[in-house]
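Encoded as structure tokens, the structure appears first; notes follow it.
The values are calculated or read from the model by the stated rules, or taken from the named source; none is laboratory data. The structure presented is a predicted model; accordingly, all values stated were derived computationally and were not measured. Using ideal geometry, Cβ is built from the backbone for each residue, glycine included, and neighbour counts are taken over all protein chains shown. Please note that ligands, DNA and RNA were not included when accessible areas were found on the heavy atoms of the full protein model with its side chains. Shrake-Rupley method; radii C 1.70, N 1.55, O 1.52, S 1.80 Å.
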Amino acid sequence: MRIIAGSFRGRTLTAPAGNATRPTSDRARQALFDMLWHAPWAGRAAIEDVHVLDAFAGTGALGLEALSRGAAQVTFIESNTAALKAIRANIDACRADAQCRLLVGDATKPPRATAPCSLVFLDPPYGQGLILRAVTALHKTGWIAPDALIVAEAGATEELDLPGVIDDRTHGAARVIVLRADQG
């Protein structure tokens, strides 16, 4: 697993052993960022110079990819100890400590935000109904900026009823759903 593009391009990322995390593949990450970069509802402004939240961060690959492509700052929320170690190692490998904040916690019960985020990644364990719970909790605690893009990953066959969906694509076993925070 590596950073696909931008200033950290080619940097190898660490993933924890076992099945506790399910890192987004390089191919799926490339497709996701290509979609964001070129979509009429997103574009470069959706990534460059924005504050990003990577919740259920796992390896931190989504947040670090955004940072590599020009995001100003990334906050990671993760609760798994092995994943936290991997995120810290990946931040260090990218020499991005000054632009990253790592919070130990549950995205469905987050602490109050210090600043809202314009781009939010949610990659929870599949099939547990965590996406809507996390979006609701993150809204209530100030993490999601008005008009933010929320990119959620779910299992390809999961039935979801999410407000504000502006794109929904399947990549292998994963389904990527993009929501606009102010819709729904």
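See the values below:
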{"item": "Among Ile177, Gly10, Leu122 the positive-end extreme of the charge dipole of the chain (Cβ point charges)", "result": "Gly10"}
{"item": "Over region 68-155: Kirkwood hydrodynamic radius from C-alpha pairwise inverse distances, Å", "result": "13.8"}
{"item": "Average projected area [Cα convex hull, region 120-184], square nanometres", "result": "3.9"}
{"item": "In Å², nearest 10: area of Lys109 left accessible to a 1.4 Å probe", "result": "150"}
{"item": "Span from the region 70-86 Cα centroid across to the region 140-184 one, whole angstrom", "result": "20"}
{"item": "Solvent exposure ordering (accessible area, 1.4 Å, most first) of His51, His171", "result": "His171, His51"}
{"item": "Region 94-184 - charge dipole about Cα centre, Lys and Arg +1 at Cβ, Asp and Glu -1, debye rounded to 20", "result": "380"}
{"item": "Accessible surface, the chain, averaged per residue in Å² (probe 1.4 Å)", "result": "45"}
{"item": "The chain, Rg to Rh (Cα coordinates; Rh as Kirkwood inverse mean 1/r)", "result": "0.91"}
